[in-house]
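Peer 1: What follows is a single structure, and I will ask about it in a moment.
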Amino acid sequence: MSGQGMAWQQVWVELGAAGEPGTACGRADLHVHTSASFDCPARPADIIWNAVQKGLTAVAVTDHDTVAGWGPMEEAARKAEDLGLAHLEIIRGEEVSTRDGHLLALFIEEWIAPHRPLLDTVREVHAQGGVAVVAHPLSPLVSSVRRRLLDELAGDIDGLEVLNPSWGGYAARRTAWQLNRLYWHLAATGGSDAHLARYVGQAVTVYPGATALDLKAALLEAATEAAGAPHPWYAELVTIGSAFSQKSAQRLSAILRAQGRRAARRSRRAWHRMVGGAAAWRLRQGQRPAAAAPDSDSQFILPGRPHRPAEWESRTGGVS
Ligand SMILES: [Zn+2]
Ligand SMILES: [Zn+2]
């Protein structure tokens, strides 16, 4: 077994084996991205299928700073149930980019705005009756809440994602888990942070009971456990590549749009110059300019023949 595999095996043992398939506990993946996230190609139906296959009881939709994935995921879960597949509960959530790091807002009712301080965001989660879980804590690789702030705010936060199988979450998982056990005593959660449907359930939160309400109660009582295994390196590469390509595609399209606007302006100016040039040539030839663009009438008035309404001409007898 590789060193990395061994380390995860140990984490599994230390956290307890309640998450082993076949036990009576509920198993929820509390950190799942859908195609509503800017960096994620996973379609709701594929996510549901994979979650059902892995025997999960609930999945939290936690897209980056958006709740647009709730509807499609709930719809897909409903369809799966109609087809006679297992009942899977969808937890409405959001991975909020706070100023101090990512926060999983779970069981919320509406969208929570990003880029605010962690404490303000946690209060907003609670105001909506939700549960606030710090995602991939202490990770040096992705925007994550630091130790000092966790020391300070442990009383306000509900849970800590001690098991996040992504490279971002992998780095600091052991430290986070130990500090939580020693000092913070927050509900330990696991979530796959999957950006690809087939890795949903790679890490789970294990809780006594079966329903989403049981899960919420367990989170508030810090009676949960986390279990899982790291994402394979190739899955992480695909995830990073997809985030990169979607970001670069967005950047490229923004550049092209700006270029397009500039080109349109240039061609408009060139057209005006061209039409103006043609009019000037006709004037030099003693011809009346052809009808031109409606917004540039004024430049085609012949010198010495002011453009005046006919009634004005008749009143003055045509005298200029
Ligand atoms: Zn994150
Ligand atoms: Zn995430």
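Please treat every number below as a calculation from the coordinates, not as lab data. In this text, all values refer to a predicted model and were calculated from it rather than measured experimentally. Don't worry about glycine lacking a Cβ; one is built from the backbone with ideal geometry, like all the others, and counts go over all protein chains shown.
Peer 1: Compute the length gained on full extension between T175 and S267: take 0.36 nm times their separation in residues and subtract their Cα-Cα distance, giving the result in nm to one decimal.
Peer 2: Going from the current span to full extension adds 27.1 nm.
Peer 1: What list of ³J(HN,Hα) couplings, whole Hz, do you get for the stretch 27-36 from phi and the Karplus terms 6.51, -1.76, 1.60, once you set θ to phi - 60° and write x for glycine and proline?
Peer 2: 10, 10, 8, 9, 8, 10, 9, 10, 5, 6
Peer 1: For the stretch 3-231, with the dipole built from +1 on Lys and Arg beta-carbon atoms and -1 on Asp and Glu ones, taken about the Cα centre, which of T57, L179, A127 lies farthest toward the positive end?
Peer 2: In the stretch 3-231, that residue is L179.
Peer 1: Another question, then. Any chance you could run the full-extension gain for R147 through I240? It's 0.36 nm times the residue separation minus the Cα-Cα distance, nm to one decimal.
Peer 2: 30.9 nm
Peer 1: Could I ask something else about it? Based on the Cβ-Cβ distance from L256 to K79, what FRET efficiency comes out when R0 is 41 Å, to the nearest 0.05?
Peer 2: Computed FRET efficiency for L256 and K79 comes out at 0.65.
Peer 1: Would you kindly derive the ³J(HN,Hα) couplings of the stretch 80-92 from the backbone phi angles with the Karplus curve 6.51 cos²θ - 1.76 cosθ + 1.60 (θ = phi - 60°), listing them in order in whole Hz, with x for Gly and Pro?
Peer 2: Karplus values, whole Hz, x for Gly and Pro: 4, 5, 4, 7, x, 6, 4, 6, 10, 8, 9, 9, 6.
Peer 1: Would you calculate the separation in nanometres between label points at A68 and E221, each defined as 7 Å from the Cα along the Cα-to-beta-carbon direction?
Peer 2: 3.9
Peer 1: Let me ask something else about it. Note the per residue figure in Å³ for the convex hull of the C-alpha positions in the stretch 3-231.
Peer 2: Per residue, the Cα convex hull of the stretch 3-231 comes to 105 Å³.
Peer 1: Pulled fully out, how much extra length does the chain show between R198 and L119, if you take 0.36 nm times their separation in residues and subtract their Cα-Cα distance?
Peer 2: The R198-L119 span can extend by a further 25.1 nm.
Peer 1: Let me ask something else. Using a simple charge model, +1 on the beta-carbon of Lys and Arg, -1 on the beta-carbon of Asp and Glu, nothing else, what dipole does the stretch 116-212 show about its Cα centre, in debye to the nearest 20?
Peer 2: 320
Peer 1: What is the order of E161, E152, fewest Cβ neighbours within 10 Å to most?
Peer 2: By the 10 Å Cβ count, ascending, the order reads E152, E161.
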